[in-house]
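Engineer: Structure provided below as structure tokens; questions to follow.
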Amino acid sequence: MKVLIVCSGNSGNISPFVKEQGESLQYQGLDIDYFLIKGRGIIGYLKNLPILRENIKSQKYDLIHAHYGFSGLLSCLQKMVPTIITFHGSDINIRKNRITSYIASKLSVESIFVHPALPKKIKYRRKKIHIIPCGINLQTFYPIDRDKCRQKLGFKNNEKHILFSSSFDNKVKNYPLAKKGINLVDKDINLIELRGYSREKVNWLMNAVDLLLVTSHSETGPLVVKEAMACNCPIVSTDVGDVREVIGNTEGCYICSYDPGDVADKIKKALDFGKRTDGQEKIKHLDQKIITEKIIGVYNEVLSNVIT
């Protein structure tokens, strides 16, 4: 099976979760290529359509798997091969993107949603709805001795280290609330911005820090929480997306409100917990291998319908 993965290339790189999913598909024997879209907005994306068509003609793909609504809409405008779209959340949760995703979902042969709330928001009416969250590569994210990781990263032993879930300037991630909460904790805390690190180094960080802090206004299924769970890292998070479901009753993980005092209280509880969690045991069903098998199942279903 030859599959073309279509996604944004504006950052210069393929999103890590898209790349890891593609690599997992390759490991299962699929022939995977990537088409990176350069341009912003509807007009910027549509300029890629002639290039995409030429690519498809020359390579003879069986199907396209597009990630996010804009990429999906572009992919659906070619009629040579069937298009499957994975909707990740921001393409539906952000109101200005919703109409594009609605149209794309109508044009695609099948749609995959990473969370069950998403199809409801665009009134997705098909009988069969594929809910497949992003998987975790448990060979990339796994527990390592905390002291070794701290030594490798040059962390001071007399400080507490908290990993923020994203870059500080990402407004959706709500850094101001994180900072206010930390300022109310009577401890010497180093808040680390999750930005520009390799996947390997993110694994070191999650094994070295005292906890992961998520204060987002909105999320669908934050991958960073699942990665932290895979590393047995304590977590404090607002009640966004599927976080409550993912952490469940895991000791050392806490849901907080948007009140800085409550954020501080939950941080204190996580710090007082003072050890690693058993998070990885709770998310083994999200192993990338299991998720990949589900995606291949959708591919096979689409191709069988094309043949018949």
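The values are calculated or read from the model by the stated rules, or taken from the named source; none is laboratory data. Keep in mind that what you see is a predicted model, and the values were worked out from it rather than measured. Please note: Cβ atoms are built from the backbone with ideal geometry, for glycine as well, and neighbour counts cover all protein chains shown.
Engineer: Scan region 270-292 for residues that are in contact (Cβ under 8 Å) with a residue 24 or more places away in the chain, charged (D, E, K, R) and part of a helix (DSSP H, G or I) and report the count.
Structural biologist: Qualifying residue count, region 270-292: 3.
For every residue, the table says whether it meets (1) within 30 Å of LEU46 (Cβ to Cβ); (2) assigned by TED's automatic domain parsing to the domain that holds ASP262; (3) surrounded by 20 or more Cβ atoms within 10 Å (Cβ to Cβ); (4) not hydrophobic (A, V, I, L, M, F, W, C).
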{"site": "ASN97", "(1), (2), (3), (4)": "yes, no, no, yes"}
{"site": "SER108", "(1), (2), (3), (4)": "yes, no, yes, yes"}
{"site": "ILE112", "(1), (2), (3), (4)": "yes, no, yes, no"}
{"site": "HIS161", "(1), (2), (3), (4)": "no, yes, no, yes"}
{"site": "LYS179", "(1), (2), (3), (4)": "no, yes, no, yes"}
{"site": "ASP188", "(1), (2), (3), (4)": "no, yes, no, yes"}
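Engineer: Only one of these is of a type in the set (Val, Ile, Thr), modelled with pLDDT under 95 and farther than 20 Å from THR220 by Cα: ILE94, ILE5, ILE42. Name it. Before the answer, list the steps.
Structural biologist: Numbers: ILE94 fails: farther than 20 Å from THR220 by Cα; ILE5 fails: modelled with pLDDT under 95.
None of the others qualify; the one that does is ILE42.
Engineer: Here is a list of conditions, (1) buried (at least 16 other Cβ atoms within 10 Å of the Cβ); (2) farther than 11 Å from SER8 by Cβ; (3) at pLDDT below 95, and LYS79 meets all of them except one; can you say which number that is?
Structural biologist: (1)
Engineer: Then there's this: Would it be correct to say that GLY41 is of a type outside the set (A, V, I, L, M, F, W, C) and touching a Ser or Thr at 6+ places or on another chain (Cβ under 8 Å)? Please lay out each step first, then the result.
Structural biologist: Working: of a type outside the set (A, V, I, L, M, F, W, C): yes; touching a Ser or Thr at 6+ places or on another chain (Cβ under 8 Å): no.
No, not satisfied.
Engineer: Also: Got a number for residues in region 58-80 being under 17 Å from GLY22 (Cβ atoms) and not small (Gly, Ala, Ser)? If you could, list the steps in order and put the result at the bottom.
Structural biologist: Filtering region 58-80 for residues under 17 Å from GLY22 (Cβ atoms) gives 59, 61-68, 71-72, 75.
Still in the running and not small (Gly, Ala, Ser): 59, 61-65, 67-68.
Of the residues in that region, 8 qualify.
Engineer: Take the residues of region 163-177 that are among the aliphatic types (A, V, I, L, M) and at pLDDT 95 or above: which is surrounded by the most Cβ atoms within 10 Å (Cβ to Cβ)?
Structural biologist: Taking region 163-177 first, the residues among the aliphatic types (A, V, I, L, M) are 163, 172, 177.
Add one more test, that the residue is at pLDDT 95 or above, and what stays is 163, 177.
Values: LEU163: 24, LEU177: 20.
Looking at the filtered set, the residue picked out is LEU163.
Engineer: Continuing with the same structure: Within region 125-169, count every residue that is over 18 Å from LYS201 (Cα atoms), in a loop (DSSP other than H, G, I, E, B) and among the charged types (D, E, K, R).
Structural biologist: Step one: of region 125-169, the residues over 18 Å from LYS201 (Cα atoms) are 125-135, 157-160, 168-169.
Cutting the leftovers down to in a loop (DSSP other than H, G, I, E, B) gives us 125-129, 132-135, 157-159, 168-169.
So of that shortlist, the ones also among the charged types (D, E, K, R) come out as 125-128, 159, 169.
Here the count works out to 6.
Engineer: Can you pull out the residues in region 216-267 that are in contact (Cβ under 8 Å) with a residue 24 or more places away in the chain, of a type in the set (Ser, Thr, Tyr) and over 22 Å from ASP278 (Cα atoms)?
Structural biologist: SER216, SER218, THR220, TYR258
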